[in-house]
Amino acid sequence: MGLIRRLRHLFGADRSPGESPERILNAYIEASSEALRELSATAKRVQSDGLVIQEKMSAIQAEMKLKREQAEEAAQASNAELARRRLEEVHDRRLIHERLQEDANRNRIFADELLDKQETLSGKIQTAKAIVEQYQTRSRRAASLIAAEEAASDMDAKEALNRLQADAFLAEAKAELERSRPY
């Protein structure tokens with residue numbers, strides 16, 4: 001039975017008697033914690049990929065600047081063919097830069113979505129932990145109430161025992177008194 005289904009049946013009548021809510025919630029917390037670790041690793045990897053893309057974009061920008069400078073120098077030296085080739089290279093690099101910019105934007109959106117999911121899952125885990133703590137507190141309270149009721153019923157039994165002993169003592173005294181009477 002899946003964790004979600006088990007959680008749905010947590011308070012239902014179709015829950016098997018051996019399944020305690022605390023055990024179900026602890027299993028959910030454990031599975032969710034593992035999912036949170038995996039999600040966190042994925043988010044870090046996506047953020048790392050974003051940094052790599054930014055580095056590539058910076059390198060391409062530096063290369064475009066260098067090619068423009070070379071094109072200007074070639075134009076000043078009246079080498080139109082070299083200037084044209086350098087400007088074509090700048091144009092090609094600009095296209096690559098634009099594609100990388102699109103990738104960076106998609107990567108940033110994906111990283112933000114992963115961080116939101118990570119935050120949501122972390123909140124759910126904290127809520128489940130709080131519910132487990134409440135369950136444990138309620139269980140301790142119920143155990144205390146049961147112990148108090150047993151102690152009270154033991155007091156009733158002790159009083160009854162004392163009353164029986166008193167009644168027995170009175171009966172023995174009465175019997176002794178009747179035996180000791182001469183008439």
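The values are calculated or read from the model by the stated rules, or taken from the named source; none is laboratory data. These numbers come from a predicted model, not from an experiment. No Cβ is skipped: glycine too gets one built from the backbone with ideal geometry, and neighbour counts run over all protein chains shown. In case anyone asks, the SASA skips ligands and DNA or RNA and just uses the protein heavy atoms, side chains included. Shrake-Rupley method; radii C 1.70, N 1.55, O 1.52, S 1.80 Å.
Structural remarks
- Summing charges over neighbours of Lys67, with a neighbour being any other residue whose Cβ is under 13 Å away from its Cβ, gives 0 when K and R count +1 and D and E count -1.
- The alpha carbon centroids of segment 96-112 and segment 119-147 are separated by 43 Å.
- Surface accessible to a 1.4 Å probe, per residue, for the residues of segment 22-135, Å²: 67
- Burial ranking of peptide ranges 79-88, 141-150 (average Cβ count within 10 Å, highest at the top): 79-88, 141-150
- Across segment 31-138, the mean sequence separation of Cα contacts (distance under 8 Å, 6 or more residues apart), normalised by length, yields a relative contact order of 39 percent.
- Heavy-atom accessible surface of segment 35-77: percent carbon and sulfur, 1.4 Å: 52
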